[in-house]
Every structure is written in C-alpha cells, then in structure tokens.
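Reviewing the structure listed below.
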Amino acid sequence: MSPGAGRVRDNRPHPSISQFARRPSLLSIIQAAGWPIWPLVACSIIALALVIERFISLKTSRIAPPRLLDEALAVSRTAVPSPDVVTQLEQNSCLGEVLASGFRALNSDPRCSENDLRAIMENTGRAVAHRLERYLAALATIASAAPLLGLLGTVIGMIEIFGSQSPTGGATGGNPAQLAHGISVALYNTAFGLIVAIPSLIFWRYFRARVDEYLLTLELSAERFVRHLNALRK
C-alpha cells in the first residue's frame, strides 16, 4: 500500500492572494452609498478643518501665557508703562489684550474710576470670549446633523429596497442588483453618519471645556489686574 493511499485529495480551488488582497476602497464605498452620502462627506471635511483650526487657535501661548500677568504687574509696579509696551502686550495674546485695555484706560484718563476700569476690561473680555467660541457652534451643528443625514440615507435606501420588489408579488421577485444597492445605501449612510458625528461631538465637548477654562483664567486675571490698577491710580 502506497504512503499516500489513505489521504483524501482536495480538488477544491484555493483562493489566490489577489482575492485576499481585494478590499473595498473609500471611493467604491462612497459610490455604493449613493448620493445621500455626499452631504456627510462635506460635513466630515468641514469638521476636520474646524478641529484643526481650533487646535491651532486655542493654544495656551495664544490665549493666556502662564507668566504674562506677573510680567504685566512687574512692569507697572510704579507707573503705567509706555504706549509701545502696551501695544506689545496687546499683541501678545488674548489675556494681553484684556490687560492692555486697562492700561489704555488709565493712559487716556488717569482719574477714571474702578467701575470704569472694570467696564472697559469686561467689554474687551466679551470680545475675546466671542473669538474663543468661534466655530464651536458649527462643530456642534455637524455633530447633531450628521446622524440625521445618515438616517436620511437609510430611509432612502429602504425606499429603494421596497421599490426593487415586484409590484405584482409574483414568483420572479425583485431586482437583486437594486435590492443590494438599497441595502448598501441604508447601511453605509448610517455608519458614515455615526463616524462623522461621534468625533465631532467629542472634539466639541473638548473645545468647549477648554474655552470655559480659558474664560475663567481671563476673568480671575482681570479681577486681580483691576485691583492692581486701582492701587496704582491712587
């Protein structure tokens, strides 16, 4: 008896390496998802641009450098600094802009009251706060609208699925290609809507917390600086 007599020969075709390497590309997924996915693609691009812009704009060095308040107190220990120094302070950061508004108020009117100083610095702080919160509403809107756009694509896919069925209810059934396309539209849009919405929501909450932290820092620094300017004025 030969050594290979007891072996069962497998005549089934083995998958080639090219078959394992086939993966659906992003473009093929977008094409399979149909036209409802294009608003989601636009939302994803806009959300990515907003996230990058906010990361750059909300750096600590641009908003509230840690030692800036102490340096401003040091240069104004005995008198209000010159307009050139105030201009440099204003261009340094958002906190520098708030502090410089107090210096400018004293330079323009050395007898201004503490309430006037507070009002001027509060107005500057409101303008700074508005800039810090820029684009956060747009990012929150994308986080809220993306699941709804995905749901819209799901509904359109379901409509195509039901439309592919035979209206007479005969044995021929529906169009398999149209049925598969409707399922692709429904599933891809649902998944892509969540893929866009979840990171957008996470980054919106992160930036919202960061802006609130900066606003608290600006408020506490401005309060301390007002007391310093009031003592300097006297």
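None of the figures in this text is laboratory data; all of them are computed from the coordinates on show. The structure presented is a predicted model; accordingly, all values stated were derived computationally and were not measured. Note that each Cβ is placed from the backbone with ideal geometry, even for glycine, and that neighbours are counted across all protein chains shown.
For the reader, a short list of remarks on this structure follows.
- Inter-label distance, nm, simple model (7 Å from Cα along the C-beta direction), ILE202/THR141: 2.4 nm
- Net length gained if the chain between ALA127 and SER61 were fully extended (0.36 nm per residue, minus Cα distance): 21.9 nm
- Calculated from backbone phi, Karplus (6.51, -1.76, 1.60) coupling profile of segment 99-111 in Hz, x at Gly/Pro: 5, 5, 5, x, 4, 5, 5, 6, 5, 7, 8, x, 9
- Compared with the direct C-alpha span, the chain from SER113 to PHE162 gains 10.2 nm at full extension, assuming 0.36 nm per residue.
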